[in-house]
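To start, the structure itself, in structure tokens.
The values are calculated or read from the model by the stated rules, or taken from the named source; none is laboratory data. Fair warning: this is a prediction, and the values are worked out from it, not measured in the lab. Cβ sites come from the backbone with ideal geometry, for glycine too, and all protein chains shown count toward neighbours. The protein model used for the area step is the full one, side chains on, heavy atoms only, and it has no ligands, DNA or RNA in it. Shrake-Rupley method; radii C 1.70, N 1.55, O 1.52, S 1.80 Å.
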Amino acid sequence: MAQIPGKMVLAATACLLVLLGTAGAQGGGELRFCLRTEPKTFDPLKVADDAAVSIRYLTGGVLLRMNRQTQALEPELAHSWKVSKDGRQITFKLRSGLSFSDGTPFSAEDVAYTVQQLMDPALHSPTGDAFRSGPGPVATKIISSTQIAITFPAPVAGLDRLFDQVPMMSAHSPKGEMAVLGPFMVADYRPGATVLLKRNPNYWKADAQGRKLPYLDSIRLDIQPNRDVEMLRFKRGELDLINSLDSEYFDKLASTSPQLVHDAGPSLDSEQMWFNQVSKAPIPAYKKNWFRSLSFRRAISEAINRDDLSRIVFRNHAQPAAGPISPANKFWFDSKLHPQAYSPDAALKLLETEGFRLENGTLKDREGNAVIFSIVTNSGNKYRERMAVLIQEDLRKIGMQVNVVTLDFPSLIERIAQTFDYEAAMLGLTNMDLDPNEQMNVWLSSAENHQWNPQQKSPETAWEGEIDRLMRAQAASADAKKRKESFDRVQEIVVEHAPFIYLINKNALSAISTTVEDASPVILHPQTFWNAERLTVRAAR
């Protein structure tokens, strides 16, 4: 989870180098995109990490697309659609004459195939989780080659918006998931080095003058986790875009080249930590007891100085987080919630109620075990490393010894999602949309991204069961007020039980060269390259 899309998804972001010819010319050169982590998959239905999400956005053709700037839903592969009054059925009318990148024709049969794959429980699709509002199968009815009706067993709130995250797959192409309908296609992949995307020759869009999109010939995605290297290349003019800029570099650039930096304000993303509560995790039983203790988790939250995190680590380009939703999400944010006040004294008093005690500056549990644990985070991410050090210092004040462990991203994901060989983790959630349905892959107890204790066969706690019920209730309602009430309660339960300890909400900071034309940074992912098919770059002098 490095940023878990929310959709939350595992978060590490991207930077871009553009080598283009004359602005707007066909044969627009190569766009170089530096992914900060290795993509975990190219299967668009299994995507859960930020690198793979970026590739999916650039290659996947969707029925409907939410405009990242206006936040309005727009037609794509479907030229029109209709949602039934009860929210259970959506009917699409498709554009005719379209083909996948390999020339395979696109039809309603491909939509039916994609939906059935998406909703297959055996696939464990994080994207599919957002559509699971009730038990039972999803039915697809092909009305014609260009018309299809999809019926869900229960109402799905915001049903049409969810299709923004569902790229269509071919039912017949021998290339499988590599046959795409988006502006670019994967042409080459060298693990640990690059992913090369080339222009999809069969892409259906054209601009107002009739020129085929995209303008670029290719996009080269260099896998580069080091942000110092990223910034150095930007300063040298080798990179034209940095999609997510660290606050330290933002201020340095702003002092010398204010025209290059962009602060879009508070983002939808959050940074948080959590404790491993997986029963089969290979950690001592007494530590599992700590991590499952509500008082222990809430005491940790009270002992962390979020104002310091915002001020020191992010140079005031962040704000203390109140809970799962950023205040930037104005409709869905629960205004009754406020950031946890910093109070180490209150934290110690809370721990005492669970039998913890201070002995010569060391906190011990009722059995005499010293409170020592490790926080893992991804190496190369300076702000997470710095947050971890500040939290280490905060918790030392209440007698806890915290060890900070940084791992390369693949090793980190293996620990938190496969072997569960970790004690606490610090990462972030990337919200792909404003609607809470996009967060089903985090909040359902059965979901893979339910990070503190994923894929439960049934809820292991009463409060997780209540979150399951509320998330399904809001997803099944067409009444915005009722949905808001349900999701407000979800946010309150999460804050009360602290499975995630929310730290800060970052501002959406980016850097864009003045040679880039038509770039317009937004708060929604992907912030700077959401309109990549139309980006152009003036020839540099």
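On the given criteria, is residue 438 surrounded by 21 or more Cβ atoms within 10 Å (Cβ to Cβ), within 26 Å of residue 467 (Cβ to Cβ) and under 29 Å from the mean Cα position of the chain (by Cα)?
Yes, satisfied.
Let me confirm something: among 190, 211, which residue is open to solvent by 20 Å² or more (accessible area, probe 1.4 Å), farther than 29 Å from residue 419 by Cβ and of a type in the set (Lys, Arg)?
Every option except 211 fails the conditions.
Pick from 221, 216: which is assigned to a loop (DSSP other than H, G, I, E, B) and modelled with pLDDT under 95?
Unique residue meeting the criteria: 216.
Of all residues in region 277-291, count the ones that are more than 26 Å from the chain's Cα centre (by Cα) and either crowded, with 19+ Cβ neighbours inside 10 Å or not small (Gly, Ala, Ser) (or both).
Counting residues in region 277-291 that are more than 26 Å from the chain's Cα centre (by Cα) and either crowded, with 19+ Cβ neighbours inside 10 Å or not small (Gly, Ala, Ser) (or both) gives 9.
Name the residue that is modelled with the lowest pLDDT, counting only residues in region 530-541 that are surrounded by fewer than 24 Cβ atoms within 10 Å (Cβ to Cβ) and either touching a Leu at 6+ places or on another chain (Cβ under 6 Å) or assigned to a strand (DSSP E or B) (or both).
536
Can residue 175 be described as touching an Asp or Glu at 6+ places or on another chain (Cβ under 7 Å), surrounded by fewer than 21 Cβ atoms within 10 Å (Cβ to Cβ), modelled with pLDDT of 90 or more and charged (D, E, K, R)?
yes
Out of the residues in region 332-348 meeting the condition of being out of contact with any Asp or Glu (no Cβ under 8 Å at 6 or more places or on another chain) and surrounded by 12 or more Cβ atoms within 10 Å (Cβ to Cβ), tell me which one is farthest from residue 403 (Cα to Cα).
Applying the filter and picking the extreme gives 333.
Would you be able to tell me the number of residues in region 367-415 that are acidic (Asp, Glu), touching a residue at least 24 places away in the same chain (Cβ under 8 Å) and surrounded by fewer than 16 Cβ atoms within 10 Å (Cβ to Cβ)?
Qualifying residue count for the region: 2.
If you check residue 266 against the conditions, is it modelled with pLDDT under 95 and surrounded by fewer than 20 Cβ atoms within 10 Å (Cβ to Cβ)?
yes
I'd like to verify a number: residues in region 113-148 that are modelled with pLDDT of 95 or more, open to solvent by less than 10 Å² (accessible area, probe 1.4 Å) and aliphatic (A, V, I, L, M), how many?
Number of matching residues: 3.
Just checking, does region 472-482 include any residue being touching a residue at least 24 places away in the same chain (Cβ under 8 Å) and under 18 Å from residue 323 (Cβ atoms)?
yes
Test each condition in (1) of a type outside the set (A, V, I, L, M, F, W, C); (2) part of a loop (DSSP other than H, G, I, E, B); (3) in contact (Cβ under 8 Å) with a residue 40 or more places away in the chain for residue 445 and report the one that comes out false.
All conditions pass for residue 445, except number (3).
Is it the case that some residue within region 72-91 is over 20 Å from residue 150 (Cβ atoms) and among the β-branched types (Val, Ile, Thr)?
Checked region 72-91: no residue is over 20 Å from residue 150 (Cβ atoms) and among the β-branched types (Val, Ile, Thr).
Say we look at region 185-213 and pick out the residues that are of a type outside the set (A, V, I, L, M) and in a strand (DSSP E or B); which of these is farthest from the chain's Cα centre (by Cα)?
Among them, the one singled out is 212.
Look at residue 496 and say whether it is within 24 Å of residue 309 (Cβ to Cβ), part of a helix (DSSP H, G or I), open to solvent by 20 Å² or more (accessible area, probe 1.4 Å) and not basic (Lys, Arg).
yes
Restricting attention to region 508-518, which residues are outside any strand (DSSP E or B) and either closer than 21 Å to residue 60 by Cβ or open to solvent by 30 Å² or more (accessible area, probe 1.4 Å) (or both)?
Scanning region 508-518 gives 514, 518.
Take region 224-258 and flag every residue that is part of a helix (DSSP H, G or I) and either surrounded by fewer than 17 Cβ atoms within 10 Å (Cβ to Cβ) or modelled with pLDDT of 90 or more (or both).
Selection gives 228, 229, 232, 235, 250, 251, 252, 253, 254, 255, 256, 258.
Would you point out the residue of region 80-96, among those that are out of contact with any strand residue (DSSP E or B) (no Cβ under 8 Å at 6 or more places or on another chain) and surrounded by fewer than 16 Cβ atoms within 10 Å (Cβ to Cβ), that is modelled with the highest pLDDT?
Going through the qualifying residues, I end up with 96.
Just checking, does region 409-421 include any residue being out of contact with any strand residue (DSSP E or B) (no Cβ under 6 Å at 6 or more places or on another chain), at pLDDT 95 or above, not in a helix (DSSP H, G or I) and not acidic (Asp, Glu)?
Yes.
Using beta carbons and a limit of 8 Å, which pairs, at least six apart or on different chains, have the first residue in region 450-465 and under 19 Å from residue 419 (Cβ atoms) and the second one of a type in the set (Val, Ile, Thr) and surrounded by 14 or more Cβ atoms within 10 Å (Cβ to Cβ)?
Once the first residue is under 19 Å from residue 419 (Cβ atoms) and sits in region 450-465, its partners that are of a type in the set (Val, Ile, Thr) and surrounded by 14 or more Cβ atoms within 10 Å (Cβ to Cβ) give 450/442; 451/4; 451/416; 451/442; 452/278; 453/278; 454/278.
Pull up region 292-316, narrow it to residues that are over 21 Å from residue 442 (Cα atoms) and in contact with an Asp or Glu (Cβ under 7 Å, 6 or more places away or on another chain), then point me to the one that is surrounded by the fewest Cβ atoms within 10 Å (Cβ to Cβ).
Among those that are over 21 Å from residue 442 (Cα atoms) and in contact with an Asp or Glu (Cβ under 7 Å, 6 or more places away or on another chain), it is 315.
Which of the residues belonging to region 249-261 are closer than 30 Å to residue 425 by Cα, in contact with a strand residue (DSSP E or B) (Cβ under 9 Å, 6 or more places away or on another chain) and not acidic (Asp, Glu)?
249, 250
Can you find, within region 29-77, the residue that is most open to solvent (accessible area, probe 1.4 Å) among those that are touching a residue at least 60 places away in the same chain (Cβ under 8 Å), aliphatic (A, V, I, L, M) and farther than 19 Å from residue 184 by Cα?
Here the answer is 73.
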